[in-house]
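Inspection log for the structure reproduced underneath, given as structure tokens.
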Amino acid sequence: MRNALAWAALALGAAGCGMVKGAPPNPFVPETRYVTARALRGGYLDVNLGGRTNDLRFLFPASETCDAVLRPEAEVAYSARGRYGQINGPGDQPCIPLGVGSLRVWRDKGPRPQPVGSSAGSPLPARPARFEVLWRDEAEIFLRGRFPLATWIGMTPAHDLVAVVPNSEPCRQAIRGGQATLEYRFSGPDAYTLMVKPPDKCPVVAFATPPPNAP
């Protein structure tokens, strides 16, 4: 009886520890999230997952597994395994994102890089980015190329990535000519921007590795 009570106390203690506010998610215990938006865009399955605390945007491969589990309004099991987590599909088949939006969330979750390497005239880290347009629609433009500072939120390899920017006049100006200065911001709503003449701005809203079979 005494042993049984001891095990019960341990179990309650463990449960209490798991519910501490602000504790990092357990990668082996999936979190319930909901597909609040989804579309096929630029070779990706572009999905928003709603949760108790925030909505997160992911760029998944347009595979049969991801398509089957990420149905509109579906309830999914999101695990924190890996850099950006994964969705557990039927038969424990993983659906692993190729990239993410919500870059402010991922910047604030990870370790902060040292503020070195700023370009002349800028107090923020900045590097030249070179790219070409992979895909566009009325809302956004997908650029494929070299984005060195994307490694600061775990995106690799930096020499071949896709960056997503709004299809706005400032961004169309920024990407003209296939190159721009990519700036990293340590705080504020935009983790990354392509530099344009103030007060205009061109925020990078997502990063991803190129979709399979992309030219």
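Charge tally around Thr209: other residues with Cβ under 15 Å, Lys/Arg +1 each, Asp/Glu -1 each, net +1. Under 5 Å between amide hydrogens, built in the peptide plane, is the criterion, and for Cys202 it picks out Leu194, Val196 among residues at least 5 positions away or on other chains. Legend: Rg and Dmax of the stretch 126-208, from Cα coordinates, 11.4, 32 Å. Converting phi to 3J(HN,Hα) with the Karplus coefficients 6.51, -1.76 and 1.60 and the offset θ = phi - 60°, the stretch 167-177 yields 7, 10, 4, x, 6, 4, 5, 5, 8, 4, x Hz in sequence order, with x at every glycine or proline. Taking 7 Å steps out from each Cα toward its Cβ at Gln173 and Ser187 produces label points 2.8 nm apart.
Can you classify the stretch 28-97 as rounded, prolate or oblate using the Cα gyration tensor, where a ≥ b ≥ c are the square roots of its eigenvalues, rounded means a/c under 1.5, and otherwise it's prolate if a/b beats b/c and oblate if not? Could you put the intermediate results ahead of the total?
Values: a/c = 1.45, a/b = 1.16, b/c = 1.25.
Here the stretch 28-97 falls in the rounded category.
Read-outs: derived from the displayed coordinates by stated rules, not from any lab. If you're wondering where the values come from, they're calculated on a predicted model, not measured in any experiment. Cβ: placed from backbone, ideal geometry, glycine included. Neighbour counts: every protein chain shown.
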